[in-house]
Structure formats: structure tokens, C-alpha cells
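To keep things clear, I will list the structure first and then write my remarks on it.
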Amino acid sequence: MPVRVGVIGLGVMGADHARTLHRMVANAVVIAVTDLNTDRSAQLSAEIESASVASDGIALINDDEVDAVIIASHDSTHAELATACVKAGKPVLCEKPLAPSTEEAASVVATENGTGLISLGFNRRFDLAFAELRSTVQSGDLGEPLLVHFSHRNVESYPGADSAFSITGSAIHEFDTVPWLLDSPIVEVSWHAPKRSRRVSDTLQDPQIMLLRTADGVLTTAETFINAAYGYDVRCEVVCETGAVHVAKPDNTVVDAAGRCGTMYPRDWRPRFADSYRRELQAWVDAITSGNPTPLATAHDGLAASAVADAVITSMNGGGKTVAVTIPEI
Ligand code: ISE
């Protein structure tokens, strides 16, 4: 019997997850969808015949036909909906962040109480290039890691995105990837701003630079530039004692023309990380089917990332001072 999945929130990511589940994931069926925008729900349910439309997120979670839930609604709704899934005893894949604040994330982790029902959508863990980067670093072949350099560039931000959203909505991926890459938690951060791009509003500092120090002493520079215009571009390099390793830009073709040699950038993250989303969803469904613990990021990983985001925002509001990261003990 396939896992019957309900999807809450049918924006860019929710609709993409629903389609990937429907077309490319074995042993899963999209049984219900819901979105505040009823046109979106109607459209997706017409496209995916098995999917009925639920009146809202809570109704979908409590529907007996739904075995497991994906939350891809607005970030501010994640904590409440993830808590409702736990109370209903249903496995949930919650998109990042678990919550925009540490306090809310901690309350979700306390309710989950180690049951492992919550998985977090930190998809870099399922990207083959990032996985290879991690195994190269952890093999020790290049000596000890010393520095990590990230850049995270989007074509344009969501309407209304402010400086904090760049941290909780985009840089949050780095706050999960760095500890996963190095097997060491982020303990100290600081936030820095260069000149602001003239293309963005006053409420958004873009780009931003963060310095993240892990317990092992490695220092990470993390740039976010969410209105970089030219393309979606995520880079990561780890500098070790005797060598360096970086994620190669994945492209199928190189075009030589008009005196140039070039590859393409996608407009957003879906083409770049398509395979990682498929692998992440399959791993989640397989864990539910087999009853094994999920290999995805856990609720506690989500809490750790939110705690780093809070510390970065404190640094931002404090003129770039160095701030210690405190992850509440639960
Ligand atoms: C988006 O929500 C994602 O999750 C992408 O992976 C990330 O790179 C992008 O910055 C976010 O806006």
C-alpha cells in the first residue's frame, strides 16, 4: 500500500514536491492538497487525479486518508502545522525553517519528544555533489578542513523579503550544511554588510556576509545575495591543509559561441537541486514504509539551524558584533 501524502502550501516548493512525488517517487501517492489560494489547489488536484482538495492545513492533517504530510506553506505557519502533525501521530516533512525563531522551534522539538516524526527539508544533504564534498572532507585525504566559503545567490527575492528573511529563508541552508559537512556545530557568528545593491529596497540588506565558527575551529564565510540577477548560483569550497575541494557547477552542456565559452544558470533552485529533492522525498517515503528512522535532517537539526539564524540576526541588529549560538537543551 503506497504512503498517502498530503501537501500543505502549493507555492513554488509545495507544487514542485507534489509533482515530484506524483511522477518520480515510488510507493507514494499524493492524496490531498491545500493552499490559501484555492485556484492553486484546484489546478494541482486537476493535474494529479489522486489528490483531493482539503479545506485547510489542519483539516488535511486530521484527514484519515492522509498517512503523512509535507508542509511547504509560509514559513510563519511551519511550527503550528508541524505540531499538529505530531499530535496526530503523522510523519511530516517540513520545509525549512522549522520555525523563524528558536523559541518556536524549541517548542516543536519538545512536543515531538524524540519520536522522529518530523523531518526537515534541508535538501543539500541529498545533492550528490554536496554528499561527495562531505565524504572527501571527512576522508581526511586533504588534511584537516580550515576554511569553508559559501556563496548563495538567487535571481530575485520574494516580494517583501527583508534582511532577516534572507537569513531565515536562504542562509538557513548553510546553517544546516556547515555542521553536517564538518560534523561540528556552529558556536559563534557575526554578520557583515557591504555596500547595498541599488536594486533592492531599504528594508533589505543585500548582499550580506556571515562568519560562522564551528566548535572544531573552522571558519566559514557565507554570502547571501538574493537579488543577484544573473542566475541561481550556489557555491561551496572547503579549504583543507593540503588541498581544497569545491562543488562543481553541474551542467550538461557547454556552449561555444560569439567568442565565448559558457554554461547556463537556472532562474531558481528547482533545476539545480531537482535530483536532491527527488532523492530526499524517496528517502522519506522509504523510511515511512520500512519503519526505519528517517535519514533526513531531524527536528533537532531544524532547531540548531534556527538558533544560528537567531544569533546572526542578533549580530545584524548589534552592528556586526560576535554572538555565541545557544541551542536550548530539550
Ligand atoms: C528557497 O526557498 C530555497 O529553499 C532554495 O534552496 C534557496 O537556495 C533559496 O535561497 C530559497 O529562497
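Computed from the coordinates by the stated procedures, all read-outs in this text should not be read as laboratory data. Small disclaimer: the values here were computed from a predicted structure and weren't measured. All Cβ positions, even for glycine, are placed from backbone atoms using ideal geometry, and neighbour counts span all protein chains on display.
Apart from one condition, I209 fits all of (1) closer than 23 Å to E95 by Cβ; (2) aliphatic (A, V, I, L, M); (3) within 16 Å of the ligand (Cβ to nearest atom); the exception is (1). The set of residues in the range 11-27 that are within 24 Å of P159 (Cβ to Cβ), away from the ligand (no atom under 11 Å from the Cβ) and out of contact with any strand residue (DSSP E or B) (no Cβ under 6 Å at 6 or more places or on another chain) comprises A15, R19. Across the range 267-289, the qualifying residues are those that are out of contact with any Leu (no Cβ under 8 Å at 6 or more places or on another chain) and polar (S, T, N, Q), and the one among them that is surrounded by the fewest Cβ atoms within 10 Å (Cβ to Cβ) is T289. Somewhere in the range 214-222, is a residue in contact with an Asp or Glu (Cβ under 7 Å, 6 or more places away or on another chain) and within 16 Å of the ligand (Cβ to nearest atom)? Among the residues of the range 214-222, at least one is in contact with an Asp or Glu (Cβ under 7 Å, 6 or more places away or on another chain) and within 16 Å of the ligand (Cβ to nearest atom), which makes the answer yes.
Cβ-Cβ distances below 7 Å connect the following pairs, each with a first residue in the range 1-27 that is over 21 Å from H78 (Cβ atoms), a second residue that is within 16 Å of the ligand (Cβ to nearest atom), and a separation of six or more residues or different chains: M24/R278; V25/R278; V25/L281.
Could you please find all residues in the range 19-49 being among the charged types (D, E, K, R), over 23 Å from the mean Cα position of the chain (by Cα) and assigned to a helix (DSSP H, G or I)?
D39, E47, listed by residue number.
Restricting attention to the range 209-257, the residues being closer than 23 Å to R267 by Cβ and basic (K, R) number 2.
Scanning the range 223-266 for residues that are surrounded by fewer than 13 Cβ atoms within 10 Å (Cβ to Cβ) and under 10 Å from V155 (Cβ atoms) gives A229, Y230.
Taking P179 as the residue in question, decide whether it is of a type outside the set (D, E), more than 15 Å from the ligand (Cβ to nearest atom) and out of contact with any Leu (no Cβ under 7 Å at 6 or more places or on another chain).
Working: of a type outside the set (D, E): yes; more than 15 Å from the ligand (Cβ to nearest atom): yes; out of contact with any Leu (no Cβ under 7 Å at 6 or more places or on another chain): yes.
Yes: the conditions hold for P179.
Taking the range 169-214 as the range and being touching a Lys or Arg at 6+ places or on another chain (Cβ under 7 Å), of a type in the set (S, T, Y) and without any contact (Cβ under 8 Å) to a residue 60 or more places away in the chain as the test, only T177 passes.
Restricting to the range 170-222, give me the number of residues that are in a strand (DSSP E or B) and among the basic types (K, R). Let's see the steps before the verdict.
Taking the range 170-222 and keeping what is in a strand (DSSP E or B), we get 186-192, 208-214, 219-222.
Okay, now just the ones that are also among the basic types (K, R), so 213.
So the answer is 1.
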